[in-house]
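Single-structure report; data block below.
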Amino acid sequence: MISAALAVLENEEQRNEFAEFYERYKARFYNIALKILDNPEDAEDAVQEAFLEIANKPDTFFSLSDKKRFHYFCAVIRNVAIDMLNKNKRIQTEELSDDVIYRNNDNPLENALFDNISHNEILLFIEHLPDLQREVLILVCLLELPISKASEALRVSENVVYQRLYLAKKAIRHFIDERNENDDGKCI
């Protein structure tokens, strides 16, 4: 199923590593695509297309650890499936206008953690963020991909990545502020 993707790779070592990654996670990736597309054949096509897309730009994939590769691929497969769904339904995706950019140069999220909020509580909160915000947060903050690479992986403009990142950070700050108010009776 991934023979086209394997053919694109430069050497046998990369092809073996890519094929092993595919075998280990193909069922999970298929389930992600199936959940979005609700069609087994389309889900298989989405997985194939996502692997081909990643194989065409192997530097990012091979520079990541296995766990980070998994998260990166989840974002890519989700976006390939959404693109297929939109194409099948002939829905035109709408880019955000240039005047709606939320660029936030605050300190990294780690600086927002307070003593009375555990790391696990923040991670649990992040797990419940909307998918689009969580994906951007994972790609930019956890995987430390540049905005341009995250934009490429998600198939959206850099402005959209900035906006989703802003909204995710804003939600986390709100959670922290609420938590501090509840714990201390006042906002820090």
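Miscellaneous remarks
- For Phe70, net neighbour charge (Lys/Arg +1, Asp/Glu -1) across residues whose Cβ lies under 11 Å away: +4
- Above-threshold pairs, the threshold being 22 Å between Cα atoms, out of Lys57/Lys169; Lys57/Lys170; Lys26/Lys68; Lys35/Lys170; Lys26/Lys57; Lys35/Lys57: Lys57/Lys169; Lys57/Lys170; Lys35/Lys170; Lys35/Lys57
- Where GluC sites (Glu not before Pro) fall in DSSP loop in the range 8-42, at most 16 other Cβ within 10 Å: Glu10
- Both radii are taken from the alpha-carbon atoms of the range 1-72; with Rh as the Kirkwood radius, Rg/Rh is 0.96.
- Two-site FRET efficiency, Ser148 against Lys35, from Cβ-Cβ distance with R₀ of 30 Å, rounded to 0.05: 0.60
- When the GluC sites (Glu not before Pro) in the range 124-159 are filtered for DSSP coil states and for at most 14 other beta-carbon atoms within 10 Å of their beta-carbon, the remaining sites are Glu144.
We did not get these values from a lab; they are worked out from the coordinates using the rules stated. Please read all numbers here as calculations on a predicted model, not as lab measurements. For neighbour counting, all protein chains shown are included, and Cβ atoms are generated from backbone atoms with ideal geometry for every residue, glycine included.
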